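Notes follow the structure.
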Amino acid sequence: MAAARALPITATLLTGTVALYITLVAFGNITDFGTNQQFVQHVLAMDTTFKDDDLMWRAVESKGLQNAAYVAIIVWETVAALVLILGTFQWLRRDAPRARRTSTIGLLMLMLLFGAGFLAIGGEWFAMWQSEDWNGLDAAMRVFLLSGVVLVVIHLPVDRVPEADVQPR
């Protein structure tokens with residue numbers, strides 16, 4: 001029975017860890033707006049890539065569009081953080097069905113942002129991988145994988161107890 005008790009604790013701690021991480025990321029982006037604003041601007045402008053004419057037509061050089069994209073990222077991060085904080089509290093209240101649903105939404109939000117947004121769109125469409133200075137692929141992959149692992153853990157079945165945990169009568 002120990003495994004059945006350990007999984008909700010694990011789900012709580014992992015969800016809380018990701019919630020804390022993305023809360024700090026969003027807080028940092030809000031309070032130090034300019035640092036990552038530069039990152040987004042350089043990635044979208046493709047000004048530190050190989051300058052391949054076959055790719056440069058993709059560049060977004062409008063500061064307004066660049067800033068709109070950055071604000072959208074911050075809003076998405078903030079909402080994901082709030083959802084994961086709620087999920088953590090639901091795990092703490094031992095409301096596993098709601099906690100699982102809420103945490104799944106928050107984790108999928110992060111996987112979409114860092115997988116589709118940073119890895120696919122930033123990394124491939126805007127050729128972020130070509131930049132020595134403005135390449136966030138490693139950081140994006142860490143968040144994507146962490147979120148994916150936590151998503152798998154929170155969906156492990158808790159109703160089936162392994163035979164090793166069953167006490168003989």
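The values are calculated or read from the model by the stated rules, or taken from the named source; none is laboratory data. Model, not experiment: these values are computed from the prediction. Backbone-built Cβ (ideal geometry, glycine too); neighbour counts: all protein chains shown. Note: accessible area is taken over every heavy atom of the protein model, side chains too, but ligands, DNA and RNA are not part of it. Shrake-Rupley method; radii C 1.70, N 1.55, O 1.52, S 1.80 Å.
Can you tell me which of LEU92, LEU112, LEU86 is under 23 Å from PHE33 (Cα atoms), aliphatic (A, V, I, L, M) and at pLDDT 95 or above? Steps first, please.
On the way: LEU92 fails: under 23 Å from PHE33 (Cα atoms); LEU86 fails: under 23 Å from PHE33 (Cα atoms).
Within the list LEU92, LEU112, LEU86, the selection yields LEU112.
Go through segment 43-72 and count every residue that is in a helix (DSSP H, G or I) and either touching a strand residue (DSSP E or B) at 6+ places or on another chain (Cβ under 6 Å) or without any contact (Cβ under 8 Å) to a residue 12 or more places away in the chain (or both). Break it down stepwise before answering.
Of all residues in segment 43-72, those in a helix (DSSP H, G or I) come to 43-45, 56-58, 63-72.
Now narrow it down to the ones that are either touching a strand residue (DSSP E or B) at 6+ places or on another chain (Cβ under 6 Å) or without any contact (Cβ under 8 Å) to a residue 12 or more places away in the chain (or both): 56-57, 64, 68, 71-72.
Residues in segment 43-72 being in a helix (DSSP H, G or I) and either touching a strand residue (DSSP E or B) at 6+ places or on another chain (Cβ under 6 Å) or without any contact (Cβ under 8 Å) to a residue 12 or more places away in the chain (or both): 6 in total.
Would you point out which residue out of ALA120, ALA116, ALA140 is small (Gly, Ala, Ser), over 20 Å from ALA81 (Cβ atoms) and either open to solvent by 40 Å² or more (accessible area, probe 1.4 Å) or within 16 Å of the chain's Cα centre (by Cα) (or both)? Full working, then the answer.
Numbers: ALA116 fails: over 20 Å from ALA81 (Cβ atoms); ALA140 fails: over 20 Å from ALA81 (Cβ atoms).
Only one candidate qualifies: ALA120.
Is it true that SER62 is open to solvent by less than 80 Å² (accessible area, probe 1.4 Å), of a type in the set (Ser, Thr, Tyr), at pLDDT 95 or above and over 16 Å from the mean Cα position of the chain (by Cα)? Answer is yes for this residue.
The residues in segment 107-133 that are assigned to a helix (DSSP H, G or I) and charged (D, E, K, R) can be counted, and the count is 1.
Can you name the condition, by its number, that ASN67 falls short on among (1) farther than 17 Å from GLY123 by Cα; (2) surrounded by fewer than 14 Cβ atoms within 10 Å (Cβ to Cβ)? If we test ASN67 against (1) farther than 17 Å from GLY123 by Cα; (2) surrounded by fewer than 14 Cβ atoms within 10 Å (Cβ to Cβ), just (2) comes out false. Residues that are in a helix (DSSP H, G or I) and open to solvent by 70 Å² or more (accessible area, probe 1.4 Å) within segment 8-32 comprise ILE9, LEU13, THR17, LEU20, TYR21, LEU24, PHE27, ILE30, THR31, listed in sequence order. For segment 73-105, the set of residues classified as open to solvent by less than 50 Å² (accessible area, probe 1.4 Å) and not in a helix (DSSP H, G or I) consists of ASP95 only.
So for segment 17-34 (the condition being without any contact (Cβ under 8 Å) to a residue 40 or more places away in the chain, among the aromatic types (Phe, Trp, Tyr) and within 24 Å of LEU145 (Cα to Cα)), does at least one residue qualify? Looking through segment 17-34, at least one residue is without any contact (Cβ under 8 Å) to a residue 40 or more places away in the chain, among the aromatic types (Phe, Trp, Tyr) and within 24 Å of LEU145 (Cα to Cα). Given the criteria farther than 29 Å from VAL153 by Cβ, open to solvent by less than 80 Å² (accessible area, probe 1.4 Å) and either in contact with a helix residue (DSSP H, G or I) (Cβ under 7 Å, 6 or more places away or on another chain) or part of a loop (DSSP other than H, G, I, E, B) (or both), does THR35 qualify? No: the conditions fail for THR35.
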